[in-house]
Structure formats: C-alpha cells, structure tokens
1. Does any residue in the stretch 303-327 that is in the same structural domain as LYS360 (by TED's automatic domain parsing) come within less than 7 Å, Cβ to Cβ, of a residue that is of a type in the set (Lys, Arg) and modelled with pLDDT of 90 or more six or more places away or on a different chain, and which pairs are these?
2. Return only the number of the condition from (1) at pLDDT below 90; (2) over 15 Å from SER106 (Cα atoms); (3) crowded, with 19+ Cβ neighbours inside 10 Å that ASP38 does not satisfy.
3. Checking the condition under 34 Å from the mean Cα position of the chain (by Cα), surrounded by fewer than 20 Cβ atoms within 10 Å (Cβ to Cβ) and within 17 Å of ARG156 (Cα to Cα), which residue from LYS93, LYS59 passes?
4. Any residue in the stretch 203-226 that is among the basic types (Lys, Arg) sitting within a Cβ distance under 9 Å of a residue that is assigned to a strand (DSSP E or B)? List the pairs, counting only those 6 or more apart or interchain.
5. What's the number of the condition GLN177 fails, among (1) over 18 Å from PHE220 (Cα atoms); (2) in contact with a Pro (Cβ under 6 Å, 6 or more places away or on another chain)?
6. What's the number of the only condition in (1) under 30 Å from HIS386 (Cα atoms); (2) surrounded by fewer than 20 Cβ atoms within 10 Å (Cβ to Cβ); (3) in contact (Cβ under 8 Å) with a residue 40 or more places away in the chain; (4) not aliphatic (A, V, I, L, M) that GLU266 fails to meet?
7. Hey, among the residues in the stretch 190-221 that are of a type in the set (Asp, Glu) and more than 19 Å from ALA270 (Cα to Cα), which one's surrounded by the most Cβ atoms within 10 Å (Cβ to Cβ)?
Amino acid sequence: MEVQAIIDDLARTIGRPITLEDAGGRLVAYSAHDQPVDSVRVETLLRRGASEATMKALKERGVYESVERSHGVAFVSGIPEIGFSPRVALAIKVGSTVLGYLWVISEKALTAQAEEALLRARQQLIQAFERIGATQDIRQKQREDIISDLVRGGQRDMDGIQSALKAMGWYGEPPFQVMLVRDRRGDRPQQVFKETEPLLKEAAPASLRGIFRDDVVVIFAGADTHGASPLASAIADRYSRMGRDVAVGLGGPCEELSLLKRSYSEASEAIALGVRFRCESGFFDYRALAPYDLLSCLADCKKHSTFGRDAVSKLVTYDELHKSQLFDTLETYLDLYGKRKLAAERLNIHPNTLDYRIRKVRELTGMDPDDPNSRLILHVWTKALHFARNTALGEA
C-alpha cells in the first residue's frame, strides 16, 4: 500500500483525523476530517508542516522525547495556549532513526483495537518506505532540509534544528566547517553527490552531507575539520584528472552551528574568488583567498595613498615592452622572503640571473626589496596588481 492509502485506511478504521509528519515536522500525508479540528491541525495542513511555535512548545514539554521512548502509542495532553488538542502519537522509527510521527486527534486514550491498528499501520509505513526505497531517501531529505536551515535559515530556530539533528542521530561537536563541491556546468549535482559520497563517507564519517542549490554541501564537525583542507584538495585533484569543471570551496571554521551561514557564504565566495583570480587549482580556501580579494581592491583605489603603485607599474610596463619577467621575479622573490636560491629554483633560472633582475627592479622602481619598509610596500602592490591583471584577463 502507498503511504497515503495507509493513512486513509487507518483513519477509517479508528475514526479519527490523522497526520503523518517527518522528523522535521513537515507534512507527509494526512486524512480527511468531518468534525471540527483544532487550529494546530488546520495550520499544519495549510503550511504543509508544523509551525515553529508548535514544535517548540512540544519540545519544551518533552513530547517528542516521550513519544520516541514509547514502544507503543503515547497520549499527549493538550496545550490550549497554542490551540493544540489532546492527541495520541506514535513514532515511526527504523532502528534508532526517527522517520516521522503519526498524530491522532483524540480527547482520551484509544481503545485497544485502535492502538493495534496504529501499530500495524506503523509497520506498514516502514515496509512501504522500504519497498519503494524511500527510507534512505527520507533520511537524506531530512539531512538536506536541516542543511538548508543551517546555511540559509528557515522556519526552525536553532533549538528546532538541534532537535531534528538529534532525532536523526547526528551529534556533531564544534568546530564546524562548510565545504562546497560545485559542478560549474550546474546541471549534475546528484551525479557529483554520488561520486563524492564514498570518499566523504570514508574520510569524514561524522560529516553532514547533502545537496543545496545545485551544490554538494558538506558540514564537517569535530576532528573531521582537521582533514577538511586535504580532503577538499583531493576531491578537486580527482575531478581535474577526470577533465571535469568541478570547483571545491572551503569556508572558515566556526564554534557554533548558528555561524554556519558564514562558513557557507565563505565557501561559496572562495569559489567565486578562485575563478575571478584565475587560480589554477580547483580547490579554493577562503582563508587563503580573502586577503587577495582585499588587496585587489587597491588596484582601483584612488581615494587613498598609492605610494609604491607607480613603481611596481613600471615593472609591468617594462615587461610588456621588453618581454621580460621582472614583475614575476619580484613577486616570487618577495613570496620567498628574499631567499635567493629558493627563488631562483622556483623561477627555474640561475641565481646570477635572479641577482641581475633584482638589480634591475631596484633601478626601475627606486626601491630596495631587501629594505623592510620597501619590501612591505612592494609586496602589497605586486599582489594587488597581480590579481587585478588576472581579473582583467578573465573578463576580457
């Protein structure tokens, strides 16, 4: 039998209005009703789910916990102040995972025959879910609803979200961190999810994973955050070898679930910055890119001091005229803290060639890269102009 058919048959058997909600309070199925019903049922049908106020009131009174603990049906007293009539409730569970709740409006406990009908219906619902392969889908949908509420905000407050997480069996501890895996074609999130799920399940078993707005969203918790960066890099490398245009963004860690919106925004912004700055890697860490986003703003800044900008711009002009590499040489030299041999190796040139180029930089800019104050100014402007040039190339 289909889920709705089970609910209709149950309602006819016990003669009471019934609703079936998932673990997050969202409406799954409901029966018709002839007699007047309370405002909570009406609101649930209209909203396609229980309101946050109703869920909060039930949680504060320990209703969900009591229903979940009960091996049979549980009687729930009315809550007049929110328009909640007395009900009989039954948790739909597979193992320790709560899939949902059956609610039956009733002023008193049901008869033994009615309770037996409810218990049979519970088993039928579980079997129906398993027959259509829906048990796993329902669990995943619950995860994705929670992810949506965490990174975007929804009807549930943090207490409601934490209750839903607990019902689902997720007890992540801080710190928390968001990773996004984005197919830049934008049309294959399900495929990307299936491709990355085995690796994520093995490398970050405590993570919360799902699809939100065409991205695979991964919420790391606790010790899993320590491996977030290498895991994100490995996923990006894997797709690069496959020739797929998939980007991986990593936001910063946070100590509270309520701050995951920020980590999510940072992960999304990291991808945007990586594309904007034409980074070669497909893995973009917001903490590494954010400073360069700030520096790139200097390239067009006219309101404040631009000391050093003209000096570095001379190198850009000289390189364009003479097909030389003074700008790149200076940037590498500064990145490596003026370490001559390392810089020469990075540039694949002889150290003497590096010395010549640095002398030429001093001559053209009138500034010494080995002087602390000059080094700071030159480094800031090489980064600012570097990313401004890459952005211009990307927009050309």
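1. Final answer for the pair search is LEU326/ARG357; LEU326/LYS360.
2. So ASP38 meets the others, but not (2).
3. Step by step, each of LYS93, LYS59 is checked, and only LYS59 is under 34 Å from the mean Cα position of the chain (by Cα), surrounded by fewer than 20 Cβ atoms within 10 Å (Cβ to Cβ) and within 17 Å of ARG156 (Cα to Cα).
4. ARG209/VAL216; ARG209/VAL217; ARG209/VAL218; ARG209/ILE219
5. Only one criterion is unmet by GLN177, namely (1).
6. (2)
7. Of the stretch 190-221, the ones of a type in the set (Asp, Glu) are 195, 197, 202, 214-215.
Filter once more, keeping what is more than 19 Å from ALA270 (Cα to Cα): 195, 197, 202.
Working: GLU195: 19, GLU197: 13, GLU202: 9.
The selected residue is GLU195.
Quick grid of which residues meet (1) within 17 Å of LEU378 (Cα to Cα); (2) modelled with pLDDT of 95 or more; (3) among the charged types (D, E, K, R):
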| residue | (1), (2), (3) |
| --- | --- |
| ARG309 | yes, no, yes |
| LEU315 | yes, no, no |
| ASP319 | yes, no, yes |
| ASP335 | yes, no, yes |
| TYR356 | no, yes, no |
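The values are calculated or read from the model by the stated rules, or taken from the named source; none is laboratory data. Everything numeric in this text was worked out from a predicted model, so none of it was measured. When we count neighbours, we look across all protein chains shown, and the Cβ atoms used for this are built from the backbone with ideal geometry, even at glycine.
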